[in-house]
Structures are given as structure tokens and as C-alpha cells.
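Remarks on the structure that follows.
We did not get these values from a lab; they are worked out from the coordinates using the rules stated. Computed from a predicted structure; not experimentally measured. Virtual Cβ from ideal backbone geometry, glycine too; neighbours counted across all protein chains shown.
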Amino acid sequence: MYNFIFQNPVKVIFGKGTIAQITPNIPAQSKILMTYGGGSIMKNGVYDQVKAALKGYDVTEFGGIEPNPRYETCMKAVEICREKKIDFLLAVGGGSVLDGTKFIAAAFYHTEGDPWEILTQGKPVSKALPIGAVMTLPATGSEMNGNAVISRNSTQEKLAFYSPAVYPQFCVLDPETTFTLPDRQTRNGIVDSFIHVCEQYMTFPVNAPLQDRQSEGIFHTLIEEGPKVLKNPTDYEARANIMWAATNALNHYIACGVPQDWATHGIGHELTALHGMDHAQTLACVVLGLFKHQKKSKLAKLAQYGRRIWGLSGDNDDAIADQAICKTEEFFRSLGMKTHLNEYGVGDENFEEIGSRFERRGIKIGEHANLGKKEVIEILRLCL
């Protein structure tokens with residue numbers, strides 16, 4: 001197992017009716033900017049619950065944060081924060097709302113230069129506005145980490161940043177808020193969470209049995225509970241299990257002391273930026289191509305995954321790995337998720353540009369940092 005430093009300061013408030021418990025976690029004199037997305041919280045009752053909990057606070061609202069939150073939209077919120085002297089941010093919605101809110105929190109104090117440099121140049125975020133979160137879509141795990149991914153229309157880019165400064169101070173996870181999610185968002189959340197685990201598990205063995213078993217527990221939970229919520233959207237127990245699995249898939253617990261990949265996400269972000277595909281849709285396609293392309297280097301973990309998750313048997317690791325990749329695709333498709341780029345109307349027209357973007361940034365991706373332009377294009381061709 002590798003050396004590691006672990007930090008996770010987030011207070012989790014989990015369960016039915018817990019939105020009312022946000023008030024003790026926000027200083028009484030706070031000037032709050034409440035951020036949200038397209039308005040679904042108005043329809044499912046979450047907005048009313050949050051407003052009731054915030055009675056007596058000075059609250060400004062900022063709606064319209066997009067799926068794949070846009071830099072341009074977030075910067076409008078930054079200006080509001082500066083104008084109104086906001087000192088606390090409350091994100092209400094899914095991971096995109098929270099990611100956008102994290103960028104707002106960081107950009108608020110980035111007064112020299114373009115805050116986009118936080119993503120393009122890795123400019124450090126040493127200070128940010130405090131954040132709380134009320135989550136309504138289990139998927140990204142953003143409620144319990146310091147990660148955020150932001151898109152920019154003008155450059156057609158989608159980039160990520162990380163800072164301990166943007167960890168939420170608390171997050172509310174009420175499974176009932178997910179009852180009204182459309183199947184598409186439920187499916188996306190399950191697949192997104194599943195591939196978060198893949199990125200931290202499907203690398204190479206480092207004698208980290210506890211982390212492996214924790215990851216495998218999340219895999220099993222998503223496989224067992226995912227079909228239940230699609231069949232019965234108001235199954236509280238299944239919704240609760242999916243919500244907790246999604247949080248644990250990316251709160252860094254299973255990443256402690258193990259190598260991580262994240263090539264699937266890196267390539268997937270470019271597909272979203274250039275083609276507008278849902279984040280999870282890109283992941284479902286790319287991860288299968290990546291597994292096929294990198295089967296040799298990932299063989300031990302793919303075979304372990306095949307045996308422990310899918311119950312495959314036999315002594316031939318290569319054959320087990322192939323079957324495990326097929327089982328993964330079958331699971332995604334059983335949820336209603338397409339698994340080939342051409343099913344989304346995406347061909348090879350931007351493969352050269354996607355590969356070139358990694359080359360221009362001077363980076364190679366994957367757990368061995370050995371995937372460059374040539375390999376990215378090869379992987380994408382396997383995704384068609």
C-alpha cells in the first residue's frame with residue numbers, strides 16, 4: 001500500500017427530513033447566496049424546505065447553474081457575491097450545482113488575473129467562501145470532496161480543479177429528495193458512481209485489501225440497488241443505499257494508499273465539451289474502450305473484479321478479464337445506458353482534436369501516466 005495523507009472535514013447529515021437541520025450549521029448573521037440549477041427543486045418541494053429552514057437569514061438566490069456548470073454563468077454569481085458581500089454559499093441540487101458553487105467560492109478571492117487560471121494553470125486556491133450543500137442527485141460525490149469540474153463555452157473546454165479550501169462544511173443527504181428524478185438522471189448517477197470506483201480500483205495490485213473490499217462493496221451495492229430504484233423510484237431504502245454509495249465512491253476513502261487512473265474521466269470531459277454528451281454517457285463508452293486497450297496492464301485487477309464482482313470462475317485471467325468487461329457493459333445496458341459513441345451520433349470527427357488537447361497541455365494520463373495523443377485516439381476508436 002502507498003503512503004498517503006487523508007483529509008475530509010465534511011459533516012454529513014443523512015436521512016429523511018434532514019433539510020431542516022441546516023440552520024445550526026450556518027452562522028446566524030450570514031449573508032447567503034443560495035445556488036441551484038434549472039428549477040427542479042421548485043417542483044419536488046426541496047426549495048420550500050430549504051427556504052423554511054433559512055427563515056430569518058439574509059438570502060440571495062442564484063439559479064440557472066447548468067449540468068456541466070459553465071464558467072460564464074459562475075462568474076455572474078461571483079459578481080453578485082462581491083456586490084452583496086456574500087459570506088456563505090449554499091448549493092441546492094446535484095453535483096453540477098455544487099461544482100459550480102465551489103468554483104464561485106474559489107473565484108471570489110481570485111482578484112488578480114482570470115479565475116479560469118485555477119483550472120488551466122493550476123493556480124492555488126488558498127481561500128474560498130464557506131459552502132454548505134443540500135444534495136438532490138447522487139452521482140458525483142462532490143458533497144464530500146474538494147473536486148470540481150467546470151466548462152467554458154468560449155473555448156469548448158471542460159476542466160477540473162481540486163482544493164481543500166472548497167470542501168463543503170456540511171452536506172445534507174435526504175434520499176426522499178431523489179424520488180422525482182427522471183430515469184435518465186438516476187441512471188447517470190449510478191453509472192457515474194460506478195466508474196468513480198473503477199478509476200480508483202481498476203489499476204494494479206498494491207496489497208491494499210481493505211480498500212479493495214471497500215470498493216467491491218460499492219460495486220455490489222450499485223449493481224444490486226440500481227435496478228430497484230429504476231423499477232420503483234420511491235423505494236426509500238434503495239434510494240438511501242444508492243445515495244450513500246455515490247458519496248463513498250468519491251470521498252477519497254477508497255483512494256487511500258492506492259494508485260488511481262482517471263483517464264476515463266479525462267477523455268470523457270473532452271467528449272462532453274465538444275459534443276454535449278452527458279458526463280455519465282461519455283464514461284460508459286470510454287471506460288469499456290479503456291479496459292480493452294489497457295487490459296494487459298490492468299489484467300490482475302480486471303480478473304479480480306471479474307471473480308469477486310461478477311462471480312466468474314476459471315484460471316485464465318485473460319479470459320476472465322474479457323468476460324468482466326462484457327459483464328460491465330451488460331450492466332450499463334440493463335440500466336438503459338448506451339455504451340457506444342455512435343449510438344449518440346458521435347463519430348471520429350474530433351478524435352484528433354481530443355488527442356491533441358492532451359498533447360498541447362503537456363500531460364499524459366492513466367495510472368502510469370503513459371497515455372498520450374496516440375493512445376487516446378486508439379481508445380476512442382474502441383468506443384465507437
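A few notes on this one:
- The modelled label-to-label distance between T60 and H220, using points 7 Å beyond Cα along the C-beta direction, is 5.0 nm.
- Rounded to the nearest 20, the Cβ-based charge dipole of region 182-382 about its Cα centre (Lys and Arg +1, Asp and Glu -1) stands at 160 debye.
- About its Cα centre, the dipole of the chain is roughly 480 debye, where the only charges are +1 on Lys and Arg Cβ and -1 on Asp and Glu Cβ.
- Taking only the alpha carbons of the chain, we obtain Rg and Dmax values of 20.3, 65 Å in that order.
- Distant-in-sequence amide H partners of G257 (H built 1.01 Å from N, under 5 Å): none
- Region 11-177 - charge dipole about Cα centre, Lys and Arg +1 at Cβ, Asp and Glu -1, debye rounded to 20: 220 debye
- Between N232 and H340, the FRET efficiency estimated from the beta carbon spacing at R0 = 35 angstrom works out to 0.75.
- Short to long, the 10 Å bins of the Cα pair-distance histogram for region 182-382 hold 9, 36, 38, 16, 1 percent of all pairs.
- Subset of K158/K373; K158/K364; K123/K338; K51/K123; K51/K231 violating a 26 Å alpha-carbon distance limit: K123/K338; K51/K123; K51/K231
- Considering helices alone, the calculated mean residue ellipticity of the chain at 222 nm is -14500 deg cm²/dmol, with DSSP H runs of length four and up weighted by -39500 (n - 2.57) and normalised per residue.
- Sorting 142-148, 99-105, 183-189 by average packing, meaning the other beta carbons within 10 Å per residue, from highest down gives 99-105, 142-148, 183-189.
- Mean separation of Cα contacts under 8 Å (6+ apart) over length of region 182-252, as relative contact order %: 43 percent
- Sparse-neighbourhood loop sites, GluC sites (Glu not before Pro) in region 279-384 - DSSP loop, at most 14 other Cβ within 10 angstrom: E349
- Region 243-267 and region 59-103 have their alpha-carbon centroids 25 Å apart.
- q = 0.12, 0.17 Å⁻¹, region 11-177: log10 I(q)/I(0) [Debye, one scatterer per Cα]: -0.46, -0.95
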